[in-house]
Amino acid sequence: MQNPSSPSDSAPSPPSFPSSIFNFRDPKSILFVILAFSLISLLLILSLLSSSSSPSHPTPDPFLFPAHRMVFDETAPSDPSIAYLISGSRGDVGRLLRLLFATYHPRNHYLLHLDPSAPQSDRVRLALSVQSNPVFRAAQNVDVMGKADFAYFKGSSPVSFTLHGASILLRLSVKWNWFISLSVDDYPLVTQDDLLHILSFLPKDVNFVNHSSYIGWKESRKLRPIIVDPGLYLSEGTEMFFATQKREYPQAYRLFTGSSFSILSRRFLEFCILGEDNLPRILLMYFANTPKSLSSYFPTVLCNSGRFSRTIINQNLLYNSLDRRLDEPRALNSSDFHDMINSGAAFGRKFQPDDSVLDLIDKQVLGRSPESVLPGGWCLGDPGNETCSTWGDANILRPGPASRRLEKAIVKLLSNGTYRNYQCKFE
């Protein structure tokens, strides 16, 4: 009987391989192992490089943007592009989508926003509508803000909201040249092919901003009172807080007033948001306690900047009709159609939801069918509802009659000394 503790009774040893396979005393075996490990390492490195070089975001559809003229390529031709910030409120999903369709072009970029009064279900519905549209998916140029900003109509929070939207668009796209902020009360009076065509003849740093240094008693009510905007610290609207005292006008810079609507260049917005000059931040602090600061902030920054004071055109290309009793734009209707179209303006404000004049603009000016995107030179489909069912090159523009009206209006602004005589003039 064998002793249990003897070596012969231990666990069986693993099978041994023939020494002829891996003989580490043999130089050929050592070379084989080194080559095998080198090959495995090389394959691993190549796989890591290929995965890291793959794009992290989907790219635009090549049918819309042919490879030889990709709009997002830094070496592409310097054709114009616009960044739109489009905002609405509770129950405005339909109006916001209609405005998106009416201003759409694959070259542009769009940021959609619903304020905090809109339920989260509206925001989800808006995002799903964007994702389900084949043109938006192909161009990859429509985004929805997930976190809402509250902007009080009369305070300084609209400036904060505008700068926030512009900063997001600066990060989303590197190719746009102008920034336009629209609300669902606005509507285009020209096609995007018309607008982009006219802008292609202008310097990329030009800014369309109504402005004046004259401060009468009406403007005094917007500049001298000291207010606290609830939109800067509350999640919903309340009455604006007014201080009992009023402040004097500043001496370090000159104040200019204008309109809350403007067409601003990318270079100017980079100056306001990213620039090394402290002027935009100083004026942002000053206008933080001023009623209706959006109508004064950008004109004041532009006209007090030596770099941008000569880039401003004293016209914002917006058509509106003032209700003098309320000192606010009145609602436009079908009786205003011919006046607004013949004005040569690019946009109109303000419109009631689903007013018949919007259908008239769609039919006679934009050539847009209901629930469809604005047609342009990139659309190759059959006329009617399927105009943009077939896509062409998004860089092709086909301006129409509205471009001639817009061209005439801008030429008038730039001729006969009008441009310089009304540019940041201190009265």
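The values are calculated or read from the model by the stated rules, or taken from the named source; none is laboratory data. Nothing here was measured: the structure is a model prediction, and the numbers come from that model. Virtual Cβ from ideal backbone geometry, glycine too; neighbours counted across all protein chains shown.
Here are the numbers for this structure:
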quantity: Odd one out for Leu302 among (1) buried (at least 23 other Cβ atoms within 10 Å of the Cβ); (2) part of a loop (DSSP other than H, G, I, E, B); calculated: (2)
quantity: Flag for Ser296 being outside any strand (DSSP E or B), buried (at least 20 other Cβ atoms within 10 Å of the Cβ) and in contact with a Lys or Arg (Cβ under 8 Å, 6 or more places away or on another chain); calculated: yes
quantity: Any hit, region 161-175, residues being closer than 22 Å to Pro353 by Cα, at pLDDT below 95, surrounded by fewer than 18 Cβ atoms within 10 Å (Cβ to Cβ) and in contact with an Asp or Glu (Cβ under 9 Å, 6 or more places away or on another chain); calculated: no
quantity: In region 241-273, residue surrounded by the fewest Cβ atoms within 10 Å (Cβ to Cβ) [restricted to those that are of a type in the set (Gly, Ala, Ser) and under 26 Å from Trp178 (Cα atoms)]; calculated: Ser259
quantity: Flag for Glu386 being closer than 30 Å to Thr244 by Cα and either exposed (fewer than 14 other Cβ atoms within 10 Å of the Cβ) or of a type in the set (A, V, I, L, M) (or both); calculated: no
quantity: Conditions (1) surrounded by fewer than 21 Cβ atoms within 10 Å (Cβ to Cβ); (2) touching a residue at least 24 places away in the same chain (Cβ under 8 Å); (3) farther than 16 Å from Ala102 by Cα; (4) not polar (S, T, N, Q): number failed by Asp323; calculated: (2)
quantity: Residue match in region 186-201 (condition: in contact with a strand residue (DSSP E or B) (Cβ under 8 Å, 6 or more places away or on another chain) and among the small types (Gly, Ala, Ser)); calculated: no
quantity: Selection from region 187-218 of residues that are aromatic (Phe, Trp, Tyr), in a strand (DSSP E or B) and closer than 24 Å to Phe256 by Cα; calculated: Phe208
quantity: Considering residues of region 102-121 that are part of a loop (DSSP other than H, G, I, E, B) and without any contact (Cβ under 8 Å) to a residue 60 or more places away in the chain only, the residue surrounded by the fewest Cβ atoms within 10 Å (Cβ to Cβ); calculated: Pro119
quantity: So Val365, is it hydrophobic (A, V, I, L, M, F, W, C), at negative phi and surrounded by fewer than 21 Cβ atoms within 10 Å (Cβ to Cβ); calculated: no
quantity: Pick from region 398-427, criterion within 22 Å of Pro370 (Cα to Cα) and touching a helix residue (DSSP H, G or I) at 6+ places or on another chain (Cβ under 7 Å), ranking: surrounded by the fewest Cβ atoms within 10 Å (Cβ to Cβ); calculated: Arg398
quantity: Checking Thr244 against (1) assigned to a strand (DSSP E or B); (2) without any contact (Cβ under 8 Å) to a residue 12 or more places away in the chain; (3) closer than 26 Å to Asp115 by Cβ, the condition it does not meet; calculated: (3)
quantity: Residue satisfying all of: in region 138-149; surrounded by fewer than 21 Cβ atoms within 10 Å (Cβ to Cβ) and touching a residue at least 12 places away in the same chain (Cβ under 8 Å); nearest to Ile282 (Cα to Cα) among these; calculated: Asp149
quantity: Criterion (touching a residue at least 60 places away in the same chain (Cβ under 8 Å) and in a loop (DSSP other than H, G, I, E, B)) met by exactly one of Ala402, Ala394; calculated: Ala394
